[in-house]
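First the structure, in the form of structure tokens, and then the observations on it.
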Amino acid sequence: MGSYSELTKNYISGQWRDGTGNTELKVDNPYSGEIIGQFKTASIDDIKEAYETAKKAQIEWQKVNPFERATIMEKAVQLFESNREELVDILIKESGSSHLKANVEVDFVIAITKESASFPLRMGGEIIPSLVAGKENRIYRKPVGVVGVIGPFNFPMYLAQRSVAPALATGNGVVLKPDSQTPVSGGTILAKIMEEAGVPKGLFSVVVPNRKEVGDIMIEHPIPRVISFTGSTGVGRHIGEICGRLIKKSILELGGNNALLVLEDADVDRAVNSALFGKFMHNGQICMSLNRIVVHEKLYDKFVEKFVSLTEKIKVGNPADKDTLIGPLINKRSIEHILSHVEKAKSQGATVVLEGKTEGNVMHPYILTGTNDVATAQNEMFGPVATIIKAQNDQEAIDIANDTQYGLSGAVHAGTVERGVEVAKQIVTGMVHVNDQSVNDEPLIAFGGEKDSGIGRFGGIRSLHEFTTEQWISTQTEERESPFHVNYLH
């Protein structure tokens, strides 16, 4: 694979090279602050070139035998598997991932790449009957052409590959812009593996620009017909507006304000275990993380006591230590943002039942109790802060869960699965998990949100559909009667 330092180049038109932008981008370890890499950023011209070469390469790529495309994707799976140790190390150093989270992320990367390897052989069309005598209707599934992918910092490798792998497998060219805080784990490492797997030069590029220098060229350039973005709702709304104006398709996986509902007949110990997982996995920096925990009043005191007690036992600190479960947040700004919401929630009447602290970029957990109106409940924390809310009955719990602009994930704990499902169906969110926690992702299942949490679905056949289009071609095997036929006009 090569060392980290060898991956600090843009990968444009099949070449590893410095960008022609005006910025030196320094990448640091969020735990130690050590500078671990430096990029010469990509310019507008670099991004234009990447799109143009992707368009040229895609014309030939879509003609490649589907079995050959599948074989290349299968080779990428093998490379991810054989380089797991290095991939985990990169995620720990660059994104602050714990060993647990980094290994889970690599598992997800392998799974979506393996599923995508089946796509070239699943792009069959249909023949559909016609109203017209002698006509045959054929529906062909085709690649869209070129896809622009913009990735986030939290699960950088997986949330980029979730779009890159299906797009390439279905015959498209791809230009990827990773988050500037995680350009290797979210970008150039993917380019390296796909290059080694045999993806043709120019078909897939990774550009690392300074956003202030390049503006919206990743979205506004006329070549990409689909823009896939994972990140904040504010940025997603901006991207969606541009795509709407330019008549482009956008796939947007955005923020969440996810709730765990603990119903009156739930198993408290099981619910607490789920809450710990769903809240503190990757320090709460997951779009699916639990933000609010809504507990029936009869179980409330018992739940709070157990949740606080077990949270205090979580090891917090250096993510390089294998037993650390909560490591650093991505940067100091994130901590300042979260703490401002905690202070506001306290002024609004919330009670802090576990007072956290910060050490560098590491934040120890905060647990608050209060209403759904306090700042930590109304806003996505994206950090190790939980707000526990009391509910009198199922309907109040459902109303609290739905009282948010978001609708990405959620969970319900109930005494029976069917009771949990009936409650889950009343929550306006893309995904709900009964007697489990909110952080779930599988390569075959529809993944996506409602309301301000996004547009589109990833996973299985849905990913195949998101990165392809359908063309209707009809054939007329016998002459069709027409009012303009020569016999009618004489």
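The values are calculated or read from the model by the stated rules, or taken from the named source; none is laboratory data. Treat the numbers as computed from the prediction; the structure is a model and nothing was measured. Positions of Cβ are generated from backbone atoms using ideal geometry, with glycine treated the same way; all protein chains shown enter the neighbour counts.
The rows are residues; the columns are (1) outside any loop (DSSP other than H, G, I, E, B); (2) modelled with pLDDT under 95; (3) of a type outside the set (Val, Ile, Thr).
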{"site": "Pro224", "(1), (2), (3)": "no, no, yes"}
{"site": "Val235", "(1), (2), (3)": "yes, no, no"}
{"site": "His238", "(1), (2), (3)": "yes, no, yes"}
{"site": "Ile242", "(1), (2), (3)": "yes, no, no"}
{"site": "Ile286", "(1), (2), (3)": "no, no, no"}
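Scan region 29-81 for residues that are part of a loop (DSSP other than H, G, I, E, B) and either over 30 Å from Gly360 (Cα atoms) or among the small types (Gly, Ala, Ser) (or both) and the total you get is 7.
Among the residues of region 402-433, those identified as aliphatic (A, V, I, L, M), surrounded by fewer than 18 Cβ atoms within 10 Å (Cβ to Cβ) and out of contact with any Asp or Glu (no Cβ under 7 Å at 6 or more places or on another chain) are Val417, Val421.
Quick grid of which residues meet (1) in contact with a His (Cβ under 9 Å, 6 or more places away or on another chain); (2) touching a residue at least 12 places away in the same chain (Cβ under 8 Å); (3) within 15 Å of Gly284 (Cβ to Cβ):
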| site | (1), (2), (3) |
| --- | --- |
| Ala350 | no, yes, no |
| Val362 | no, yes, yes |
| Asp373 | no, yes, no |
| Met381 | yes, yes, yes |
| Ala401 | no, yes, no |
| Leu408 | no, yes, yes |
| Gly415 | no, yes, no |
| Glu418 | no, no, no |
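Which of the residues belonging to region 268-295 are more than 19 Å from Gly256 (Cβ to Cβ) and either among the acidic types (Asp, Glu) or touching a Lys or Arg at 6+ places or on another chain (Cβ under 8 Å) (or both)? Val268, Asp269, Val272, Val295, listed by residue number.
Screening the candidates Arg237, Arg225, Arg245 for the property of being basic (Lys, Arg), farther than 27 Å from Val27 by Cβ and over 20 Å from the mean Cα position of the chain (by Cα) yields one hit, Arg245.
From the residues in region 456-474 that are among the hydrophobic types (A, V, I, L, M, F, W, C) and surrounded by 17 or more Cβ atoms within 10 Å (Cβ to Cβ), which one is nearest to Gly124 (Cα to Cα)? The qualifying residue nearest to Gly124 (Cα to Cα) is Leu464.
A search for C-beta distances below 7 Å between a residue of region 68-80 that is under 15 Å from Val106 (Cα atoms) and assigned by TED's automatic domain parsing to the domain that holds Asn103 and any residue that is among the charged types (D, E, K, R) and modelled with pLDDT of 95 or more, counting only pairs 6+ apart in sequence or on different chains, returns Val77/Lys114; Leu79/Glu196. I'd like to check something: does region 163-177 contain any residue that is in contact (Cβ under 8 Å) with a residue 12 or more places away in the chain, surrounded by 19 or more Cβ atoms within 10 Å (Cβ to Cβ), under 16 Å from the mean Cα position of the chain (by Cα) and not in a helix (DSSP H, G or I)? Yes - at least one qualifying residue is present in region 163-177. Residues in region 84-101 that are crowded, with 17+ Cβ neighbours inside 10 Å and farther than 15 Å from Leu190 by Cα: Ile92, Lys93, Ser95, Gly96, Ser97, Ser98, His99, Lys101.
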